[in-house]
1. Looking only at segment B:116-130, how many residues end up being open to solvent by less than 20 Å² (accessible area, probe 1.4 Å) and either of a type in the set (Phe, Trp, Tyr) or more than 10 Å from every other protein chain (Cβ to nearest Cβ) (or both)?
2. Mind listing whichever residues of segment B:168-204 are part of a helix (DSSP H, G or I) and in contact with a strand residue (DSSP E or B) (Cβ under 7 Å, 6 or more places away or on another chain)?
3. Report yes if residue B:21 is within 14 Å of chain A (Cβ to nearest Cβ) and open to solvent by 20 Å² or more (accessible area, probe 1.4 Å), otherwise no.
4. Taking residue B:152 as meeting all but one of (1) within 28 Å of residue B:70 (Cβ to Cβ); (2) open to solvent by less than 20 Å² (accessible area, probe 1.4 Å); (3) outside the structural domain of residue B:121 (by TED's automatic domain parsing); (4) not in a loop (DSSP other than H, G, I, E, B), write down the number of the exception.
5. Mind telling me which of the residues A:275, A:257 ends up being charged (D, E, K, R), over 18 Å from the mean Cα position of the chain (by Cα) and modelled with pLDDT of 95 or more?
6. Could you please find all residues in segment B:42-62 being part of a strand (DSSP E or B) and either free of Cβ contacts under 8 Å to residues at least 12 places away in the same chain or of a type in the set (Phe, Trp, Tyr) (or both)?
7. Working carefully through the options B:141, B:167, find the one that is under 29 Å from residue A:168 (Cα atoms) and surrounded by fewer than 18 Cβ atoms within 10 Å (Cβ to Cβ).
8. Assuming residue B:113 fulfils every condition listed in (1) crowded, with 22+ Cβ neighbours inside 10 Å; (2) assigned to a loop (DSSP other than H, G, I, E, B); (3) out of contact with any Asp or Glu (no Cβ under 9 Å at 6 or more places or on another chain); (4) facing another protein chain (nearest Cβ under 10 Å) apart from one, which condition is it?
There are 2 protein chains.
Amino acid sequence: MKLVKTISEVRAEVGRARSSGRSIGLVPTMGFLHEGHLSLADRCCELAGYVVMSIYVNPLQFGPSEDFDEYPRALERDLALAEERGVDLVFAPADRELYPTELTVTVAPRRLADRLCGLSRPGHFEGVLTVVGKLFGIVQPDLAVFGQKDFQQAVLIQKMVIDLDMPVRVEVAPTVREADGIAMSSRNEYLSADERRRALSISRGLAGALRSFRSGERDAAMIGRGVLQTMEEAGGVDVEYVEVVSADDLEPVQQADEETVVVVAARVGTTRLIDNARLGAPDPGLARLL
Amino acid sequence: MKLVKTISEVRAEVGRARSSGRSIGLVPTMGFLHEGHLSLADRCCELAGYVVMSIYVNPLQFGPSEDFDEYPRALERDLALAEERGVDLVFAPADRELYPTELTVTVAPRRLADRLCGLSRPGHFEGVLTVVGKLFGIVQPDLAVFGQKDFQQAVLIQKMVIDLDMPVRVEVAPTVREADGIAMSSRNEYLSADERRRALSISRGLAGALRSFRSGERDAAMIGRGVLQTMEEAGGVDVEYVEVVSADDLEPVQQADEETVVVVAARVGTTRLIDNARLGAPDPGLARLL
């Protein structure tokens, strides 16, 4: 595995791999790798002949009062983990490599970003789409793998690729969970033991939604109410939203079906956590809780 | 030369050309080709082994009260001209091919679009950047050629390529003028004989700016005033702006230098015309007027 820090090195390395006939896969991350990221690398290794992982805490997607500075970083450990999982190239640029001057042009959502996480994080998805667009331009991957945990992000990236005719196939890989059900996230690091216990109500709530759907409940309001109740009963969980939406356009639905997703955001202490469950898809980490 | 109407045909044709080792050039146009467009094709043929021209009147870059419906179209004639000039592939999609669904994500300017043409055409440059971004994604050209006549557009496209790390080299080719100095434009078609005579004051004004700069004038306000005066004296020319700006960031300058551009927009009758002159660059079509 090779580590590079500049765009021109990425292009040289990827160009060599492409010339040798290998397809190129990309796994964009902000580092501090956990099993969630590594499952994306695994999936990418299955699908592509040459796997690039970017490790970059993108300032553009953090609001001024958010956790950019304290976001956990551990490059040395990340490199060891990425190598172990078969990544061929890690791209870990400095800010001045990706943003040498003030941006004049960005990739921006017109729709779907003014709701759910977009409401509390204005500019967040513009930051995400812009950096992902840049990474696509730098790496020119045949495919890129994203996690379902960031569901709204995954939807917007899929829309970006379609709307801008980007020649990249997007794969969305299932959420990986700890044994107790909590969705893996670098931000779990911030939680105290007590907060962590309370945070479990999120995945417990989602597991309840799955159980309810599987036993025949189709009323979206009922399903959402159950999740909310579980979270509120835990105490110390400040719910930002619980919504029951269509997987395609994130619009709230009245009748739940296989394409429905329950999406959740909450603050536990000062830590903002998100999670979701697709009602029609298997989620072994949630199923364990049933 | 081949004509195709779908994205998948473009990708197949370009893929074949690329496999045969040819570099790919793109000339995006809205058709109704004149010598200005054809000079871009010539330049592209010099620089690339396989030349794609897109012919598409992009609805996204027209405002609701603008001339989308009446914009002149002449595909048969365009095809003959493009073939004559060595274009290998024309891509002339229908609207539903490029915009099959409502756009969720666009390429948008954050800066530089709130002035000059952007003031009277809100959303115009978002429409331009989005369609050019799409064409880049569809064709994946090594280089693309744009005309200097649309100066603000050319600057924004260059910024887009830099900011989003698009793997495309952008060439900006000089404005081609009629014998009387008027910059070639499909919209010249709209002008009556009388309007056309009045419109000549635009290029005459710019020629005056060049003369003034070459004889040592460096006061941007003085240079701009001369252009404005020439246009106002013609009568029937409704000046939208005359600005003396930096070629790099379109910011107004006080002292003109080789990197300064005089940019102009005016309405003659109902026709909106734009033009510009780089004070440090040769412009044979304007020099002829001196």
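1. First, pick out the residues of segment B:116-130 that are open to solvent by less than 20 Å² (accessible area, probe 1.4 Å): B:116-118, B:124-125, B:127-130.
If we keep only those that are either of a type in the set (Phe, Trp, Tyr) or more than 10 Å from every other protein chain (Cβ to nearest Cβ) (or both) too, we end up with B:116-118, B:124-125, B:127-128.
Final tally of qualifying residues: 7.
2. Just the residues of segment B:168-204 that are part of a helix (DSSP H, G or I), to begin with: B:186-190, B:193-204.
Once the filter is applied, which keeps residues that are part of a helix (DSSP H, G or I) and in contact with a strand residue (DSSP E or B) (Cβ under 7 Å, 6 or more places away or on another chain), segment B:168-204 yields B:187, B:190, B:195, B:198, B:199, B:201, B:202, B:203.
3. Numbers: within 14 Å of chain A (Cβ to nearest Cβ): yes; open to solvent by 20 Å² or more (accessible area, probe 1.4 Å): yes.
Judged against the criteria, residue B:21 is a match.
4. Every condition holds for residue B:152 apart from (3).
5. Details: A:275 fails: over 18 Å from the mean Cα position of the chain (by Cα).
Criteria check complete, one pass: A:257.
6. Restricting attention to segment B:42-62, the residues satisfying the condition of being part of a strand (DSSP E or B) are B:50-55.
Hit for segment B:42-62 is B:50, nothing else.
7. On the way: B:141 fails: surrounded by fewer than 18 Cβ atoms within 10 Å (Cβ to Cβ).
Result of the check over B:141, B:167: B:167.
8. Unmet for residue B:113, out of (1) crowded, with 22+ Cβ neighbours inside 10 Å; (2) assigned to a loop (DSSP other than H, G, I, E, B); (3) out of contact with any Asp or Glu (no Cβ under 9 Å at 6 or more places or on another chain); (4) facing another protein chain (nearest Cβ under 10 Å): (3).
The values are calculated or read from the model by the stated rules, or taken from the named source; none is laboratory data. Worth saying up front: this structure is predicted, and the values here are computed from it rather than measured. Here Cβ is always computed from backbone atoms with ideal geometry, including for glycine, and neighbour counts include all displayed protein chains. What goes into the accessible areas is simple: the full protein's heavy atoms, side chains included, and nothing from ligands, DNA or RNA. Shrake-Rupley method; radii C 1.70, N 1.55, O 1.52, S 1.80 Å.
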